[in-house]
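To start, the structure under review is shown below, and the notes come after it.
The values are calculated or read from the model by the stated rules, or taken from the named source; none is laboratory data. What you see is a predicted model, and the numbers here were worked out from it, not measured in a lab. Counting neighbours? That spans all protein chains shown, and the Cβs are built from the backbone with ideal geometry, glycine included. Ligands, DNA and RNA are excluded from the accessible area calculation, which covers all protein heavy atoms including side chains. Shrake-Rupley method; radii C 1.70, N 1.55, O 1.52, S 1.80 Å.
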Amino acid sequence: MATDSSGTDRLNETVRALQNGLTGLPLSAAMDNTEAWQQEFLQSGIPGLQDIAREIGTLQSLLTAGKLNGAAIGSSLSLLGTQTNQAAFQAPADQQAALRSLGDLLLRLASELQTQKSKK
């Protein structure tokens, strides 16, 4: 994960933005945020972070598709949540709690998408 204060700030901003739910974040802001994380993780040289970057790319594709697929978006968010929680174990101590919060938040949002789909 990011080891400088700007990375920690971006991590905290990401958590705050997602706490308002998926629809509380404008798509352009979500794309900017995910793009910044994706580039950082791809350049990290760390296989686990590069896996997260690839899944972020999948999520970006799903979010920009002509027709949104809630089940696929939920699946992607779930995988990202799991990967983020796993990455928290190797992260700097000052980022571990925020990463676990982000991972849990992504898993919760994924679950909400799955629940909405099953109610239809």
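Taking segment 37-57 as the range and being in a helix (DSSP H, G or I) and open to solvent by less than 60 Å² (accessible area, probe 1.4 Å) as the test, the residues that pass are Trp37, Gln38, Glu40, Phe41, Gly48, Leu49, Gln50, Ile52, Ala53, Glu55, Ile56, Gly57.
With respect to Ala17, is the statement that it is modelled with pLDDT of 90 or more, within 12 Å of the chain's Cα centre (by Cα) and either among the aliphatic types (A, V, I, L, M) or not in a helix (DSSP H, G or I) (or both) true?
Working: modelled with pLDDT of 90 or more: no; within 12 Å of the chain's Cα centre (by Cα): yes; either among the aliphatic types (A, V, I, L, M) or not in a helix (DSSP H, G or I) (or both): yes.
Taking the combined requirement at face value, the residue does not satisfy it.
Report yes if Leu80 is under 17 Å from Thr14 (Cβ atoms), in contact with a helix residue (DSSP H, G or I) (Cβ under 8 Å, 6 or more places away or on another chain), open to solvent by 30 Å² or more (accessible area, probe 1.4 Å) and modelled with pLDDT of 95 or more, otherwise no. Lay out the reasoning, then the answer.
Values: under 17 Å from Thr14 (Cβ atoms): yes; in contact with a helix residue (DSSP H, G or I) (Cβ under 8 Å, 6 or more places away or on another chain): yes; open to solvent by 30 Å² or more (accessible area, probe 1.4 Å): no; modelled with pLDDT of 95 or more: yes.
No; evaluated as a whole, the condition is false for this residue.
The listed residues are Ala72, Ala65, Ala110, Ala30, and the only one of them that is part of a helix (DSSP H, G or I) and surrounded by fewer than 16 Cβ atoms within 10 Å (Cβ to Cβ) turns out to be Ala72.
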